[in-house]
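Below is one structure, written out as structure tokens, with a few remarks after it.
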Amino acid sequence: MQRNENGQVVISCDFCGTDWDQVRPMIEGHRGSVICLDCVKQAIADESAPPSQYSCTMCIRDQLPTKLKQWEPSPRPPAANPTAIICHDCLQQASQAFHRDNDVPWSKPQ
Ligand SMILES: [Zn+2]
Ligand SMILES: [Zn+2]
């Protein structure tokens with residue numbers, strides 16, 4: 001997410017609401033959506049089949065089928081985007097990007 005604070009654009013993770021500090025690894029999706037590495041790790045561990053069709057915040061596709069797993073934080077932190085959901089495809093993409101980034105000391109679980 002992006003917000004304006006005292007004339008400065010502040011970027012924060014849609015899923016946990018943490019502000020970007022220029023250090024924390026984060027990945028941008030469509031329309032200013034952002035997910036941080038900590039949320040990607042949690043999403044990999046906790047993604048599940050959704051009860052109904054859904055929209056993904058990162059790729060902005062909607063009516064995604066229930067066979068495509070999703071993740072949303074539960075409970076959702078107060079500072080997070082109240083409708084943030086990441087689909088399995090975006091989660092794969094984000095985890096690949098973190099995995100390949102030499103500045104990020106993390107490997108995608110096999
Ligand atoms: Zn996060
Ligand atoms: Zn997606």
Per-peptide average of other Cβ atoms within 10 Å, ordering 87-96, 35-44, 54-63, 70-79 highest first: 35-44, 87-96, 54-63, 70-79
How much accessible area per residue does the stretch 1-72 have, counting only protein heavy atoms and a probe of 1.4 Å, in square angstrom? 59
For Lys67, give me every one of the aspartates and glutamates with a C-alpha distance below 14 angstrom, ignoring sequence neighbours fewer than eight places off in its own chain. Glu47, Asp89
Could you work out the helix-only [θ] at 222 nm for the chain, with each DSSP H run of four or more residues adding -39,500 (n - 2.57) and the total divided by the number of residues, to the nearest 500 deg cm²/dmol? -6500 deg cm²/dmol
Shape call for the stretch 1-49, from the Cα gyration tensor axes a ≥ b ≥ c (a/c under 1.5 means rounded, otherwise prolate when a/b beats b/c, else oblate), comes out prolate
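Residues with beta-carbon under 14 Å from that of Pro73, excluding Pro73: net charge, scoring Lys, Arg +1 and Asp, Glu -1?
Numbers: positive: Lys41, Arg76; negative: Asp14, Asp38, Asp46, Glu47, Glu72.
It works out to a net charge of -3.
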Looking at the square roots a ≥ b ≥ c of the eigenvalues of the Cα gyration tensor of the stretch 2-100, which shape do they give, rounded for a/c under 1.5, prolate if a/b is larger than b/c, or oblate? prolate
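How far, in nm, would the chain grow between Gln93 and Asp46 when pulled straight, counting 0.36 nm per residue and subtracting the alpha carbon separation? List each step's numbers first, then the result.
Working: separation 47, 0.36 × 47 = 16.92 nm, distance 1.65 nm.
Here the answer is 15.3 nm.
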Considering only protein heavy atoms and a probe of 1.4 Å, how much of the accessible area of the chain is carbon and sulfur, as a whole percent? 47
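The values are calculated or read from the model by the stated rules, or taken from the named source; none is laboratory data. Only a predicted model underlies this, so the values are computations on that prediction, with no experimental measurement involved. Here Cβ is always computed from backbone atoms with ideal geometry, including for glycine, and neighbour counts include all displayed protein chains. Just the protein is used for accessible areas: all its heavy atoms, side chains included, with ligands, DNA and RNA removed. Shrake-Rupley method; radii C 1.70, N 1.55, O 1.52, S 1.80 Å.
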